[in-house]
Amino acid sequence: MGFFSKLFRQKNTVKDDGEKLYLYLLEQARNPIFYGNTAVPDSYEGRIDLLTLHIAPVLKRLNSFGETGSHLGQALFDAMKDDFEIALREEGLTDSGVAKRIKPMIRLFYSRVKLYSEALSAEERQGSLIKAMKGFFPDESRDEFWPALSDYTLEFDLLLSGKTLGELAQTDFEFPEISQ
């Protein structure tokens, strides 16, 4: 980008905030503490699921801010989708290949966000979250990890409930500890 382009470029703060928020959540979702033989599998589905598990409470909170929060939620989603597309292109896929593969990824994301959002709003939140997690990874060797991950998610949701839109946009929050 040339000097004048940079000088006169209008900054899209919502897009920038969405990207910043996405990268912050992605970094946490890739924390090795979440993965292993008795935790979430370190696989394509496992990584998507943990990313979704971090994004769902943020989207829930953003939706409480009305239209402005929805714009940031859309920017967060767009940043995620762009990242998925870049990853697919790095695998050597063409435009048509990316289009074919991105649709199932986005469907997977939406179905999990919906399930996690419903669980976070359920009367019996922990049980609902554990049921959702087990539905994606039914391997019984992981059964002892789901309550810890559920507690972590519920604590994260609670932490976010006290944050302003500006704090979320600037990633002015920390993640809870997870016990193993």
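Where a number appears in this text, it was derived from the coordinates with a stated rule and is not lab data. Everything numeric here is computed off the predicted structure, so don't read it as measured data.
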Check your understanding: If you take the Cα Rg of segment 12-169 and divide it by 2.2 N^0.38 Å, with N the number of residues, what do you get?
Key -> 1.04
Check your understanding: Using all Cα-Cα distances in segment 27-118, what percent lands in each 10 angstrom bin from 0 up to the longest?
Key -> 16, 42, 33, 9, 0
Exercise for review: Take the cross-link list K100/K163; K15/K131; K131/K163 and give me the ones stretching past 32 Å between alpha-carbons.
Suggested key: K100/K163; K15/K131
Check your understanding: Straight-line reach from K103: which aspartates and glutamates have Cα under 13 Å away, leaving out those fewer than 8 places along the same chain?
Key -> D82, E85, D95
Exercise for review: Mind telling me which of P138, P41, P147 comes out most flexible in a GNM of the chain, alpha-carbon contacts under 10 Å?
Suggested key: P138
Point to revise | Average silhouette area of segment 113-167, convex hull of alpha-carbon atoms, in square nanometres | key: 4.1 nm²
Review point. To two decimal places, what compactness ratio does segment 76-180 give when its Cα radius of gyration is scaled by 2.2 N^0.38 Å?
Key: 1.29
Exercise for review: Note the full-extension length gain between K15 and Q126 as 0.36 nm times their separation in residues minus their Cα-Cα distance, in nm to one decimal.
Suggested key: 36.7 nm
